1. Of all the residues that make up the stretch 366-394, how many are free of Cβ contacts under 8 Å to residues at least 60 places away in the same chain and of a type in the set (Ser, Thr, Tyr)?
2. Among the residues of the stretch 427-437, is there at least one that is hydrophobic (A, V, I, L, M, F, W, C) and more than 21 Å from the chain's Cα centre (by Cα)?
3. Just checking, how many residues over the stretch 6-42 are over 21 Å from the mean Cα position of the chain (by Cα) and crowded, with 24+ Cβ neighbours inside 10 Å?
4. Does Glu405 count as touching a residue at least 12 places away in the same chain (Cβ under 8 Å), surrounded by fewer than 20 Cβ atoms within 10 Å (Cβ to Cβ), charged (D, E, K, R) and more than 30 Å from Pro174 (Cα to Cα)?
5. Is it the case that Ile410 is of a type outside the set (Lys, Arg), surrounded by fewer than 16 Cβ atoms within 10 Å (Cβ to Cβ), farther than 29 Å from Ser256 by Cβ and at pLDDT 95 or above?
6. Among (1) touching a helix residue (DSSP H, G or I) at 6+ places or on another chain (Cβ under 9 Å); (2) assigned to a loop (DSSP other than H, G, I, E, B), there is one condition Val279 misses while meeting the rest; what is its number?
7. Within the stretch 54-77, which residues are under 21 Å from the mean Cα position of the chain (by Cα) and either at pLDDT 95 or above or not hydroxyl-bearing (Ser, Thr, Tyr) (or both)?
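The values are calculated or read from the model by the stated rules, or taken from the named source; none is laboratory data. As the structure is a prediction and not an experimental result, all values here were calculated from the model. A quick note on method: Cβ atoms are made from the backbone with ideal geometry, for glycine too, and the neighbour counts reach across all protein chains shown.
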Amino acid sequence: MCGVFGIFDHPEAANLTYLGLHALQHRGQESAGLVSNDGGMLHGVRAMGHVRKIFTRELLDQLPGRIAVGHVRYTTAGGSLVKNIQPLTAQFRGRSIALAHNGNLVNEAPLRDELERQGAIFTSMSDTEVVLQLMARSGHASVLEQLGDALDQIQGAYSFVITTEDKLIAVRDPYGFRPLVLGRLRSHPGSWVVASETCAFDLIEAEFVRDIEPGEILVIDASGPTRVVRPPQPRRFCVFEHVYFARPDTVLDGVSVYEARVAMGEQLAIEHPVDADVVIPVPDSGVVAALGYARKSGIPFEMGLIRNHYVGRTFIEPMDSIRHFGVRLKLNAVPQVVAGKRVVVVDDSIVRGTTSRKIARLVRNAGAREVHVRISSPPVNGPCHYGIDTPTRAELVASSHSIDEIARSIEADSLGYLSPEGLRAAVRERPGFGYCDACFTGNYPIRPTAGAGRRALRIVEV
């Protein structure tokens, strides 16, 4: 779940891209990169860490040009390494190109094998580099035709932001798994912006124009945006964006994330009522759903868990040791809110179950008489192949345990999940706007090819 941003024709392209990436920091906290385009000459900065720590004023001053693309990374394919930081850049046939990718290619392994047989040398473990290699081997001369050749061969989830020569190009896969939106700066009507979420537009005072459509290639140059529409598949937007990843102030494919999460909480209260004294959220992603649960149930809402905002999101940390320690570092219970009370704890999901157990213990140790856990999504019982770093099926607690068994495992007095039907109603599924819920239902729109993730890393840069 990465974040991508691009801007066309602005005198402070790098500065605005920095701000856009700052607004998208929640989508990836391991690394960030920014590449500016100064008349076809690319200037890039990439590093591990958070946006505000990487991009100093001195560095931004070294990124000239009126076009820029940026990326915040959350590792799925390739590993959390310096060599995999995006945007990836390449030069071939006298042309330079930078590409930022949100998503995951499910047929990267056989494509990489074939490219290596043809003599390709890869400099990263990222699936995104396959796209650049395919473009370089295209028999066509124009970048758009080269890109089309690559898109004909790749499968999976991808929202691309690309710059080359004098263009900014946005691409969304035919299923529309990952979000991608188009905007325009109010102060510079000729300056177009593309981002993973609309919240990036708010910070730079850009107006939302529309979503990039599934299967669409949008080319922005001096004459303005030009659409190239490839055949779409049935729309399968990732429903987990609404559940967890997107910021509540974002609008995704016409649906407010905030309103969807309120609706999830309200439906959860209908499906799993309980006699209780207080509703508390697991901050931050459980807050809005907990508001909905409290509103529908009539039980008072309180902030019974306080988050240390100087700690990252535990779900997207790549190491188990960090993830488990991070729960204690990240949250603390408020005894004045929960002591002696029957408490409803609302969270967005349960993955392995270890985090939920530690949270239940925190609340109980603070004096809660009862702890009832309510989850604003269905049980996660299958891995995601399209850009979310969920564990293997064997590591997912819901894949091998009943709800009652999970409740005992996390030491809750009761446990209730939102139903798949309730979730679809909350996100306003409608004809032409379907969702991918494979991690809940096992209904995968595209199956990954054999051999994915089998490669051993033999070159490590530090």
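1. Of the residues in the stretch 366-394, 2 are free of Cβ contacts under 8 Å to residues at least 60 places away in the same chain and of a type in the set (Ser, Thr, Tyr).
2. To start, the set of residues in the stretch 427-437 that are hydrophobic (A, V, I, L, M, F, W, C) comprises 427, 433, 436.
Filter once more, keeping what is more than 21 Å from the chain's Cα centre (by Cα): none.
Scanning the stretch 427-437 turns up no residue that is hydrophobic (A, V, I, L, M, F, W, C) and more than 21 Å from the chain's Cα centre (by Cα).
3. Kept after step one, since they are over 21 Å from the mean Cα position of the chain (by Cα), are these residues of the stretch 6-42: 8-15, 36-42.
Right, trim to crowded, with 24+ Cβ neighbours inside 10 Å and you get 8, 13-14, 36-37.
Adding up the residues that qualify gives 5.
4. On the way: touching a residue at least 12 places away in the same chain (Cβ under 8 Å): no; surrounded by fewer than 20 Cβ atoms within 10 Å (Cβ to Cβ): yes; charged (D, E, K, R): yes; more than 30 Å from Pro174 (Cα to Cα): yes.
Judged against the criteria, Glu405 is not a match.
5. Values: of a type outside the set (Lys, Arg): yes; surrounded by fewer than 16 Cβ atoms within 10 Å (Cβ to Cβ): no; farther than 29 Å from Ser256 by Cβ: yes; at pLDDT 95 or above: yes.
Judged against the criteria, Ile410 is not a match.
6. For Val279, the failing item is (2).
7. Ile54, Ala68, Val69, Gly70, His71, Val72, Arg73, Ala77
To keep it simple, each residue is scored yes or no on (1) within 24 Å of the chain's Cα centre (by Cα); (2) among the aliphatic types (A, V, I, L, M).
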position: Ile154; (1), (2): yes, yes
position: Ile162; (1), (2): yes, yes
position: Glu165; (1), (2): no, no
position: Leu168; (1), (2): yes, yes
position: Asp173; (1), (2): yes, no
